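Below is one structure, written out as structure tokens, with a few remarks after it.
Any read-out appearing in this document is the output of simple, stated calculations on the displayed coordinates, not a laboratory observation. No experiment lies behind these values; they were computed from the predicted model shown. Virtual Cβ from ideal backbone geometry, glycine too; neighbours counted across all protein chains shown.
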Amino acid sequence: MASFKEIVTKAVIGKAKKTSVSKFSVTPDEVPDTVLGCWVINHTFEGRGQNGVVYITGGFDVNVWYSYNNDTKTAVATKHFTYEDKMNIRLKDGATLTDASEIIVRSLTQPTVTDVTTDAGVVNLSVEKELGVEIVGNTMIKVSVEEDEDDYEILDDEDTEEVDEVINEINEDYLK
């Protein structure tokens, strides 16, 4: 006869990923003639849940390498940017996002500059990133449990005496 037990455990109760493109502007000290390169460094982020929605706040530094003075000199302009992304994540099996839920955020694709233009001394950038979120919370699983009353064989002292007699009757010199 089988019965069921309920086990409470931690599991991923929801996950999602989001790709976003954001526009930023950098104003260098000099008027750039040509943008020679752009890169994003020091990306940090964290997630928090509020009213059933996950908010991801983060930031990164953008370095813009450019030439100026009729392409005779170069310089690097650095600026820190912050962002906040909102993610509605569908939770599995009617689970709810609570304060006890753990929110794990991962950068699936590091922020990358995808487009650069200059306009009147201002460098306009498009930065693309992909973030993944997993929500870990309590969930319940049901496990089938079989109850077997004959788990162990019951031996009496008489059974063990018979085994001892058989062992004593073994001829140790048989192979000689």
Around Ser67, under 10 Å between beta carbons, what's the net of Lys plus Arg minus Asp minus Glu among the other residues? -2
If a paramagnetic tag sat 7 Å from the Cα of Val12 along the Cα-Cβ line, which residues of the stretch 98-128 would have the backbone N under 20 Å from that point? 98, 100-110
For the cross-link pairs Lys15/Lys86; Lys10/Lys86; Lys18/Lys79; Lys79/Lys129, which exceed 19 Å when the distance is taken from alpha carbon to alpha carbon? Lys10/Lys86; Lys18/Lys79
Give, as a single signed number, the net charge of other residues whose beta carbon lies under 10 Å from the beta carbon of Thr57, with Lys and Arg counted +1 and Asp and Glu -1. -2
Taking chymotrypsin sites (Phe, Trp or Tyr not before Pro) as exposed when in a DSSP loop with at most 11 other Cβ atoms inside 10 Å, the chain has its longest clean stretch at 1-151
Of the options Thr139, Ile7, Gly37, report the single residue whose Cα projects farthest towards the positive end of the charge dipole of the chain (beta-carbon charges: Lys, Arg +1; Asp, Glu -1). Gly37
Along the Cα→Cβ direction, 7 angstrom out, place labels at Gln110 and Asp29. What is the inter-label distance in nm? 2.7
For the chain, calculate the relative contact order in percent as a whole number, restricting contacts to Cα pairs under 8 Å that are 6 or more residues apart. 33
Correct option for Rg and Dmax of the Cα atoms in Å [calculated from the coordinates] among (1) 33.7, 108; (2) 20.1, 74; (3) 15.6, 51: (1)
Dipole magnitude of the chain about its Cα centre, charges +1 at Lys/Arg Cβ and -1 at Asp/Glu Cβ only, in debye to the nearest 20? 3500
Set the Förster radius R0 to 45 Å, insert the Cβ-Cβ distance between Glu84 and Ile141 as r into 1/(1 + (r/R0)^6), and round the FRET efficiency to 0.05. 0.80
Only sites in a loop by DSSP and with at most 16 other Cβ atoms within 10 Å count here; which GluC sites (Glu not before Pro) in the stretch 30-128 make the cut? Glu30
Can you run phi through the Karplus equation (6.51, -1.76, 1.60; θ = phi - 60°) for the stretch 80-87 and list ³J(HN,Hα) in whole Hz, with x for Gly and Pro? 9, 10, 10, 8, 9, 10, 10, 10
